[in-house]
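*Asks:* Below you will find the structure I want to go over with you.
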Amino acid sequence: MLPERRLFLSQTTRLLSLAALAAACPGAALARTSAYPFSLGVASGSPRDTGVVLWTRLLPEPLNPEAMTRAPLSVRWEVAEDEAFKRIVADGVATALHELAHSVHVDVTGLRPDRWYWYRFMLGDAISPVGRTRTAPAADALPARMRFAVASCQHWDFGHYAAHRHIAAAEPDLVAFLGDYIYERGQYDLKHPDAPSGRGDESITLADYRSRYAQYKSDPHLQAAHHAAPWIVTWDDHEVANDYASDRDERLDDNFLSRRAAAYQAFYEHMPIRLVPRPGEAHDFSNLRIYDRMEWGLLAQFHLLDNRQYRDYQACQRPGRGGSNVVTARCTDRLASTRSLLGAQQESWLTEGFARSRARWNLLAQQTLMAQSLHVPPAQSREDDRFWNDGWDGYPASRDRLLNGMKKHRLANPIVLSGDVHTFYAADLRQDFSRLASDDNPVVATEFCGTSITSRSRAQSITEQIVASNPHLHYGRSDRRGFLFMELTPSSSTARFQALDDVSREDSGISTLASFVVESGRAGAIRIG
Ligand SMILES: [Fe+2]
């Protein structure tokens, strides 16, 4: 845990930065205060070749939702070809509803492929920060290159978001965020009259989750990364509750599904994603489809997965408990052929996508490490091998079907992108991890796992033992925070592991720890630096 004082200073500094931002852009008297309404910044995401989703949430004081009116508000938005908004190409008015925390989602269409745009929102005479976004290339275009950042796991209490400042500075075409955008636990100053007392620091209600997002999104560096490029986002467990699986949390709480619906609603309210239309239905967040596909011309296809909402429960759970634990190979339930991490529907959707893909590179943007990762120290016999049952190792039949689907459909250049484990890994994926690569056990795909933006990890000495015990893991670093930076060209993909010097410093520098390349037509990571 960080020292209390640093934690306090961290929060104060961030909110002061926000106050400075607000002072520079005086806002309208829209609510019970006259404060600037765009305190959480703006965002864009889910880009298509002719459109993109724009997002903001009206909230004058990030930690005080009561300062906001309950009335609906009309928010104007503009998209321009230039930063000065001289050439506006789309505009309109959106309604921000109290029922959706005055969030605004605009699904802009009719834009030109492969173009950068600038966007902003206006309420009264208050003007939001300007965000920069872009469309994907046309479906039949083969761009010469694409650059994107991969990030995950940004626990507020464990450091500054300097990594986001560096993501913004890199001017990527896209940011892929792979989960744990918030953590449901941790300190924050919830000024809400309905906030339950005496439950510690855990988010349970819709008001809790909204305040948690508002706290995180008040950070100027996180806002800068959103303002720099469109994002594609998926979630992991901590957007809801630690290690939950489908409708079950680790405490086996009877009310978990209503908590999950609150958390899913708050996720939607704070992310630049499309709500799959359900005609005739009121907003219902008991389920929320977020898995999606996105094409970048003929260069890349992103398959964005959700491995939390539809999964089977973790195998061999402890009596009276849900959630994860470490199991041995004696836990035969783990091996059941029917078990799925994605659920049957998402698995068939994914396989159909493999069959139809025309892209040079196929990127699976998903939550957790796919490569087998046996626990250390190594067991004396195979049946004593230990596995963490929350990740892909807890669902080997599901992983096998996925890798088999890649082989069967001759999926071009699959690269799995992962988060969750707060460790940089480069790995080769093959169907039988217990044997080295061979003609009948080829490397099917390459995997790169980013570290965390801030969240803590295990000691590096343990990670070195894990790498030594799992020969398909080529590299592992758990002692540094940062992000993964990818560059794709038609002939190769490069992954750079970008590590902060010091996560406790807002002004931390960054450097490349290691670089890997994947050549088109040959799965597997080759270290180049
Ligand atoms: Fe995490």
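*Asks:* All other residues with a Cβ under 9 Å from the Cβ of S455 taken together, and with Lys, Arg as +1 and Asp, Glu as -1, what is their net charge?
*Replies:* That sum, taken over residues with Cβ under 9 Å, equals +1.
*Asks:* Note down the magnitude of the dipole of segment 397-529 about its Cα centre, charges +1 on Lys and Arg C-beta and -1 on Asp and Glu C-beta and zero elsewhere, to the nearest 20 debye. Before the final figure, lay out the partial values.
*Replies:* Numbers: 16 positive and 15 negative charges, 67 e Å.
In total the dipole reaches around 320 debye.
*Asks:* Further question: Find the relative contact order for the chain and round it to a whole percent, using C-alpha pairs within less than 8 Å whose residues are 6+ positions apart.
*Replies:* This gives 14 percent for the chain.
*Asks:* Around L369, under 9 Å between beta carbons, what's the net of Lys plus Arg minus Asp minus Glu among the other residues?
*Replies:* With Lys, Arg at +1 and Asp, Glu at -1, the neighbours total -3.
*Asks:* Scan segment 373-414 for trypsin sites (Lys or Arg not before Pro) in coil per DSSP, keeping those whose Cβ has at most 11 other Cβ atoms within 10 Å, and list them by number.
*Replies:* Passing sites in segment 373-414 are R410.
*Asks:* Turning to a different aspect of this structure: Kindly provide log₁₀ I(q)/I(0) values, in the same order as q = 0.10, 0.12, 0.14, 0.17 Å⁻¹, from the Debye equation applied to equal alpha-carbon scatterers of segment 199-336.
*Replies:* -0.43, -0.61, -0.81, -1.08
*Asks:* When you count, for each residue, the other Cβ atoms within 10 Å and take the mean per peptide, how do 162-169, 75-82, 478-485 rank with the highest first?
*Replies:* Details: 162-169: 22.9, 75-82: 18.5, 478-485: 24.9.
Peptide ranking by packing, descending: 478-485, 162-169, 75-82.
*Asks:* If eta is 1.306 mPa s and T is 10 °C, what Stokes-Einstein diffusion coefficient results for the chain, Kirkwood Rh from Cα pairs, in µm²/s?
*Replies:* Values: Rh = 23.5 Å.
Here the translational diffusion coefficient equals 67 µm²/s.
*Asks:* If I compute solvent accessible area with a 1.4 Å probe over the protein chains, what percent of it on the chain is carbon and sulfur?
*Replies:* 50 percent
*Asks:* I'd like the distance separating the alpha-carbon centroids of segment 281-348 and segment 479-494, in whole Å.
*Replies:* Between the Cα centres of segment 281-348 and segment 479-494 lies a distance of 25 Å.
*Asks:* Report the charge-dipole magnitude of segment 58-216 in Debye, nearest 20, computed about the Cα centre from +1 at each Lys and Arg Cβ and -1 at each Asp and Glu Cβ.
*Replies:* In total the dipole reaches around 380 debye.
*Asks:* Under 13 Å from the Cβ of D440, count the other residues' Cβ atoms, weight Lys and Arg +1, Asp and Glu -1, and hand me the total.
*Replies:* Details: positive: K407, R430, R435; negative: D432, D439.
Counting the neighbours of D440, the net charge comes to +1.
*Asks:* Helix 460-469: angle to the longest alpha-carbon principal axis of the chain, degrees 0 to 90, nearest 10?
*Replies:* 40 degrees
*Asks:* Something else: Take the alpha carbon gyration tensor of segment 308-415, find the square roots of its eigenvalues, order them as a ≥ b ≥ c, and report rounded if a/c is under 1.5; if not, report prolate when a/b exceeds b/c, else oblate.
*Replies:* Here segment 308-415 falls in the prolate category.
*Asks:* Out of S461, L429, F485, whose Cα points farthest toward the positive end of the dipole of segment 420-529 (charges: +1 Lys, Arg; -1 Asp, Glu; placed on Cβ)?
*Replies:* So the residue we want is S461.
*Asks:* So, one more: Give the angle, between 0 and 90 degrees and rounded to the nearest 10, that separates the Cα long axis of helix 396-408 from the longest principal axis of the Cα atoms of the chain.
*Replies:* 90 degrees
*Asks:* Next question. Could you state the per residue volume, in Å³, of the convex hull enclosing the Cα atoms of segment 457-516?
*Replies:* Normalising the Cα hull of segment 457-516 by residue number yields 88 Å³.
*Asks:* About the Cα centre of the chain, how large is the charge dipole given +1 on each Lys and Arg Cβ and -1 on each Asp and Glu Cβ? Please answer in debye to the nearest 20.
*Replies:* Charge dipole, the chain, about its Cα centre: 640 debye, nearest 20.
*Asks:* Given a 1.4 angstrom probe, what's the average accessible area per residue across the chain, in square angstrom?
*Replies:* Result: 38 Å² of accessible area for each residue.
*Asks:* Grab the eigenvalues of the alpha-carbon gyration tensor for segment 425-529, scale each by 5, take roots, and send me the semi-axes largest first in whole angstrom.
*Replies:* Three semi-axes, in Å: 27, 18, 9.
*Asks:* Share of antiparallel DSSP beta bridges in the chain, in percent to the nearest 5?
*Replies:* 75 percent
*Asks:* Checking the cross-link filter: which aspartates and glutamates have an alpha carbon closer than 19 Å to that of K407, excluding same-chain neighbours under 8 positions apart?
*Replies:* E347, E352, D428, D432, D439, D440, E447, E519
The values are calculated or read from the model by the stated rules, or taken from the named source; none is laboratory data. What you see is a predicted model; the values in this text were computed from it and never measured. As a convention, Cβ positions derive from the backbone with ideal geometry for all residues, glycine included, and neighbour counts pool all protein chains shown. Calculation scope for accessible area: heavy atoms of the full protein, side chains included, ligands and nucleic acids excluded. Shrake-Rupley method; radii C 1.70, N 1.55, O 1.52, S 1.80 Å.
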